[in-house]
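Engineer: Take this structure, written in structure tokens, and hold onto it; I'll ask about it next.
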Amino acid sequence: MTERTLVVIKPDAVQRHLTGEIISRLERKGLKLVAAKFIQISEQSVRRLYMPHKGKSFYRGLMKFTCSSPVLVMVWEADGVIEIVRKMLGATFGCDAQPGTIRGDFGCSGRYNLVHGSDSPKSAEREIRIFFRPGEIIKYELADTNWLYGKKD
Ligand code: IDP
Ligand code: MG
């Protein structure tokens, strides 16, 4: 089923010049970019994004880290995109993530982890609304959809 997910290229990835590499991986997988904003994220938006983690030991540090430098927020669309992106990200921290995943290939930290991806359809819907109005999500066709999915005979 066609789904959307929120992907955030976090401050450490922007600072480490990995923005293009991460977008490139998602693009080459065949996912469709439907919205993007390069922003200095507000405290209010971070609070909303990480609401489920409020009260955890790392919450304060996570807020500070996410606001520490610009981020690229994006919406990607594809059949099953939420799980696909989560698999491409790998385990939460690079120190545990498998090689071949974005976190596994580009980080070894147990604190910073380069990129966020929504973990369920419900989270995706909630998170996308924090950053994008419905009209900011672009509807368009990719010419290679049939080659990607092989749906039509
Ligand atoms: P996820 O990003 O893989 O879904 P979550 O458990 O949902 O991981 O945690 C959200 C974010 O909170 C992580 O991406 C990471 O930035 C941060 N985080 C999670 N656990 C820790 C921790 O133990 N120490 C510091 N930061 C953490
Ligand atoms: Mg999560």
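The values are calculated or read from the model by the stated rules, or taken from the named source; none is laboratory data. What you see is a predicted model; the values in this text were computed from it and never measured. As a convention, Cβ positions derive from the backbone with ideal geometry for all residues, glycine included, and neighbour counts pool all protein chains shown. Ligands, DNA and RNA are stripped out before the accessible areas are found, and what is left, the full protein with its side chains, is counted by its heavy atoms. Shrake-Rupley method; radii C 1.70, N 1.55, O 1.52, S 1.80 Å.
Engineer: Scanning for something among the basic types (Lys, Arg) and either within 14 Å of ligand 1 (Cβ to nearest atom) or assigned to a helix (DSSP H, G or I) (or both), does the stretch 26-35 turn up at least one residue?
Structural biologist: yes
Engineer: Now, a different point. Could you run through the stretch 97-153 and say how many residues are within 14 Å of Thr2 (Cα to Cα) and in contact with a helix residue (DSSP H, G or I) (Cβ under 7 Å, 6 or more places away or on another chain)?
Structural biologist: 3
Engineer: Arg48: of a type in the set (Lys, Arg), part of a helix (DSSP H, G or I), open to solvent by 40 Å² or more (accessible area, probe 1.4 Å) and within 11 Å of ligand 1 (Cβ to nearest atom), yes or no?
Structural biologist: no
Engineer: Can Thr66 be described as within 14 Å of the chain's Cα centre (by Cα) and buried (at least 17 other Cβ atoms within 10 Å of the Cβ)?
Structural biologist: yes
Residues checked against (1) more than 18 Å from the chain's Cα centre (by Cα); (2) within 16 Å of ligand 1 (Cβ to nearest atom); (3) within 22 Å of Ile41 (Cα to Cα):
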{"residue": "Thr101", "(1), (2), (3)": "no, yes, no"}
{"residue": "Cys108", "(1), (2), (3)": "yes, yes, no"}
{"residue": "Ser118", "(1), (2), (3)": "no, yes, yes"}
{"residue": "Ser123", "(1), (2), (3)": "no, yes, yes"}
{"residue": "Glu141", "(1), (2), (3)": "yes, no, no"}
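Engineer: Within the stretch 109-149, can you find the residues that are closer than 16 Å to Ile22 by Cα and not aliphatic (A, V, I, L, M)?
Structural biologist: So the first thing to find is which residues in the stretch 109-149 are closer than 16 Å to Ile22 by Cα, and the list is 112-118.
Across the stretch 109-149, the qualifying residues are Tyr112, Asn113, His116, Gly117, Ser118.
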